[in-house]
Amino acid sequence: MEILITIGIILLCIFIVLGIIFLYLYFKLKASIKGLGISKSEFMNMIKEGEEDSKYRHKSISGMSNLLLPRIIKDFPNFSESELYSKVETSLLAIFHSLEDGYVQKKVELNIIKSNLESKILDLKNSNMKVRFEDIVFHKHAIKGYEKTDGVLIITVATSLEYYYSCKKDDKVVDEYREYKKQTSYTTRFIYVYDPEKYEKTSSLVGIHCPNCGSPVKELSNKHCSYCGSGLEDINLKSWFISEYKEDK
């Protein structure tokens, strides 16, 4: 019994201390507001304005471009940072349009991720969902990572952008940005195959497709697609291709 009384007294003391702290912070905040020469309603309006500003503030991204660029240029003297960022934008646009249209666009930029994108489109269809991306504007890019392995150069890029967005399930809106744009960022990975033979041995050519019919290419040495018979001379792996992408949370 004495133990219960003791516990009760301790809890009561804790609540009293918390109440005192709350009152202290409340009156201190109130005094600070008065010191600024503004009313409580004006202060609340300032908070609301700050929340509104955050809706339009571009998503911040971080990278190591200045640190990684010398390494990249050493391995790849003809590297163009602006060209890579242009690839990022055209690739993401092609991905968004593919998700909207319900099929993978015939864009060379999507050659590597075609199967992955088809799977995402199928998931949307099976869930009876439709997405829309409108008025897409890109803001900043930054190189986050760089690897050189198995005949391939791999660069990871962070990108901030904005767009109007809507997602419907069974024709009912489940997510929407209409009054203001969604401020977001994406992380993408791009590969450049500088040694096709080494890449073929280590990667099993995962993600390489015929530019005509979209069927997987089993061997780079093949001059014709084993499915449609089209010539494969146009498959040029010595270019930057997107291999992964994800929206940052």
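The values are calculated or read from the model by the stated rules, or taken from the named source; none is laboratory data. Keep in mind the model is a prediction, meaning the values are calculated, not measured. Virtual Cβ from ideal backbone geometry, glycine too; neighbours counted across all protein chains shown.
General observations
- The stretch 96-124 residues that are within 22 Å of Glu134 (Cβ to Cβ) and in the same structural domain as Leu161 (by TED's automatic domain parsing), paired with ones that are surrounded by 14 or more Cβ atoms within 10 Å (Cβ to Cβ) and small (Gly, Ala, Ser) (beta carbon under 6 Å, 6 or more apart): Val104/Ser98; Gln105/Ala94; Gln105/Ser98; Lys107/Ala94; Glu109/Ser91; Glu109/Ala94; Leu110/Ala94; Leu117/Ser98
- Pair list, Cβ < 7 Å and 6+ apart or interchain, from the stretch 65-83 residues that are touching a residue at least 40 places away in the same chain (Cβ under 8 Å) and surrounded by 15 or more Cβ atoms within 10 Å (Cβ to Cβ) to residues that are among the aromatic types (Phe, Trp, Tyr) and in a helix (DSSP H, G or I): none
Table: residues versus (1) more than 19 Å from the chain's Cα centre (by Cα); (2) modelled with pLDDT of 90 or more; (3) farther than 28 Å from Tyr146 by Cβ.
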{"site": "Arg57", "(1), (2), (3)": "no, no, yes"}
{"site": "Leu68", "(1), (2), (3)": "yes, yes, no"}
{"site": "Gly102", "(1), (2), (3)": "yes, yes, yes"}
{"site": "Glu118", "(1), (2), (3)": "no, yes, yes"}
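- Check on Val173, without any contact (Cβ under 8 Å) to a residue 24 or more places away in the chain, of a type in the set (A, V, I, L, M) and either within 30 Å of Asp195 (Cβ to Cβ) or assigned to a strand (DSSP E or B) (or both): yes
- Residue, nearest to Tyr245 (Cα to Cα), within the stretch 70-100, restricted to residues that are over 21 Å from the mean Cα position of the chain (by Cα) and in a helix (DSSP H, G or I): Ile72
- Failed item in (1) within 14 Å of Tyr245 (Cβ to Cβ); (2) at pLDDT below 95; (3) surrounded by 15 or more Cβ atoms within 10 Å (Cβ to Cβ), with Val157 passing the rest: (2)
- Within the stretch 87-111, considering residues that are over 20 Å from Glu162 (Cα atoms) and touching a His at 6+ places or on another chain (Cβ under 8 Å), the one surrounded by the most Cβ atoms within 10 Å (Cβ to Cβ): Asn111
- Residue within the stretch 143-154 that is within 19 Å of the chain's Cα centre (by Cα) and surrounded by fewer than 16 Cβ atoms within 10 Å (Cβ to Cβ) present: yes
- Residue that is modelled with the lowest pLDDT, among those in the stretch 160-210 that are among the β-branched types (Val, Ile, Thr) and surrounded by fewer than 16 Cβ atoms within 10 Å (Cβ to Cβ): Val206
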